[in-house]
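K.L.:
Mind having a look at this structure? Questions to follow.
The values are calculated or read from the model by the stated rules, or taken from the named source; none is laboratory data. Computed from a predicted model, the values in this text were never measured in an experiment. In this analysis, Cβ positions are derived from the backbone assuming ideal geometry, glycine residues included, and neighbour counts consider all displayed protein chains. In case anyone asks, the SASA skips ligands and DNA or RNA and just uses the protein heavy atoms, side chains included. Shrake-Rupley method; radii C 1.70, N 1.55, O 1.52, S 1.80 Å.
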Amino acid sequence: MAFISRGFKGKRRDPAASSRLPPGQYLVDGFPVLSAGPTPRADLAQWTFSIEGEVDEPRRWTWEEFRRLPSEKVTVDIHCVTKWSKLDTSWTGVSLDTLLEGVETAADYAMVFSDGGYTTNLPLEDLTGGKAWIAFEYDGRPLDPEHGGPARLLVPHLYFWKSAKWVRGIALQLQDEPGFWESNGYHLYGDPWREQRYWGD
Ligand SMILES: Nc1nc2c(c(=O)[nH]1)N[C@H]1C(S)=C(S)[C@@H](COP(=O)(O)O)O[C@H]1N2
Ligand SMILES: [Mo]
């Protein structure tokens, strides 16, 4: 063959990356900020994380207590319902398995709540089994307030609106109820691989 290979320029489709992209998603450079309201400024001296609702005894950690819990570094792909995805994002956080250890509950659902009033719902089993963290570092640095600092939920197997920023706790519930975006047309569950973006998807 006499053709000279010039290599590819411009947009290249990396097959390994595209197999990791759920339907309808594209890769984004940078890290977009999507917030439904202003960025709350947490006072760490007042900050607590709670597990409440249908529990034998509510649990509550101060920031110091929370930071003394064992944490993990995780590298995960994230997928926003507005169609951007980011591969291999790296976080440090406390596994929900650690926070829920020993909690006795009849609940099957969780309502996650945040400073500023944001809420999001998910089945309790989507928070356990190594699938969810309360993250406090991104790329080895304290989480930026715009991205949910001091701490946010990270539940990467669901659309990123489930990863509540400025998280303050979880209410365990016997029944599923819509949170903020779920009450405004977003899917109750939000699996990106099944493209569950909106009601009826
Ligand atoms: N408290 C709170 N958490 C939130 C949101 C929000 O508006 N408030 N937006 C959600 C949505 S729609 C997305 S896509 C991600 C965006 O996170 P980022 O701003 O770090 O990219 O946060 C989710 N968590
Ligand atoms: Mo989103």
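K.L.:
Averaged per residue, what accessible area in Å² does region 48-194 show with a 1.4 Å probe, protein chains only? Could the numbers behind the result be given before it?
P.N.:
Values: 6290 Å² over 147 residues.
On a per-residue basis, region 48-194 sits at 43 Å².
K.L.:
Taking the Cα centre of the chain as origin and charging only Cβ (+1 Lys, Arg; -1 Asp, Glu), how large is the dipole, in debye to the nearest 20?
P.N.:
The calculated dipole for the chain is roughly 1360 debye.
K.L.:
So for region 48-194, taking the charge dipole from beta-carbon charges (+1 Lys/Arg, -1 Asp/Glu), which of 149, 171, 105 sits furthest toward the positive end?
P.N.:
Towards the positive end, the residue furthest out is 149.
K.L.:
Order these peptides, 114-123, 29-38, 51-60, by their mean beta-carbon neighbour count within 10 angstrom, highest first. Each step should come with its number before you reach the end.
P.N.:
Numbers: 114-123: 19.2, 29-38: 10.9, 51-60: 14.9.
With the highest mean Cβ count within 10 Å placed first, the list reads 114-123, 51-60, 29-38.
K.L.:
If the elastic network links every pair of Cα atoms under 10 Å, which of 178, 23, 150 fluctuates the most in the Gaussian network model of the chain?
P.N.:
So, out of 178, 23, 150, the one fluctuating most is 23.
K.L.:
How large is ³J(HN,Hα), in whole Hz, for each residue of region 108-119 in order, when computed from phi with the Karplus curve 6.51 cos²θ - 1.76 cosθ + 1.60 and θ = phi - 60°, using x for Gly and Pro?
P.N.:
Once θ is set to phi - 60°, the couplings for region 108-119 become 10, 10, 9, 10, 8, 10, 10, 4, x, x, 5, 9 Hz.
K.L.:
For the chain, what does the helix formula give at 222 nm: sum of -39500 (n - 2.57) over DSSP H segments with n ≥ 4, over the residue count, nearest 500 deg cm²/dmol? Could you put the intermediate results ahead of the total?
P.N.:
Values: 3 runs with 15 residues, N = 201.
Roughly -1500 deg cm²/dmol at 222 nm, from the helical runs in the chain.
K.L.:
Put 141, 168, 197 in order of accessible area, largest first, 1.4 Å probe: what do you get?
P.N.:
Accessible-area ranking of 141, 168, 197, largest first: 141, 168, 197.
K.L.:
What is the percent carbon and sulfur in the accessible area of the chain, measuring with a 1.4 Å probe over the protein chains and ignoring ligands?
P.N.:
Details: 5580 of 11060 Å².
Summing carbon and sulfur atoms, their accessible area is 50 percent of the total for the chain.
K.L.:
Also, quick follow-up: What GluC sites (Glu not before Pro) does region 60-165 have in DSSP loop regions with at most 15 other beta carbons within 10 Å?
P.N.:
Values: sites: 64, 65, 72, 101, 104, 125, 137, 146; in loops: 101, 104.
Listed in order of number, the matching sites are 101, 104.
K.L.:
Any chance you could check the Cα centroid distance between region 120-136 and region 181-201 for me, in angstrom?
P.N.:
Value for the Cα centre distance between the two parts: 17 Å.
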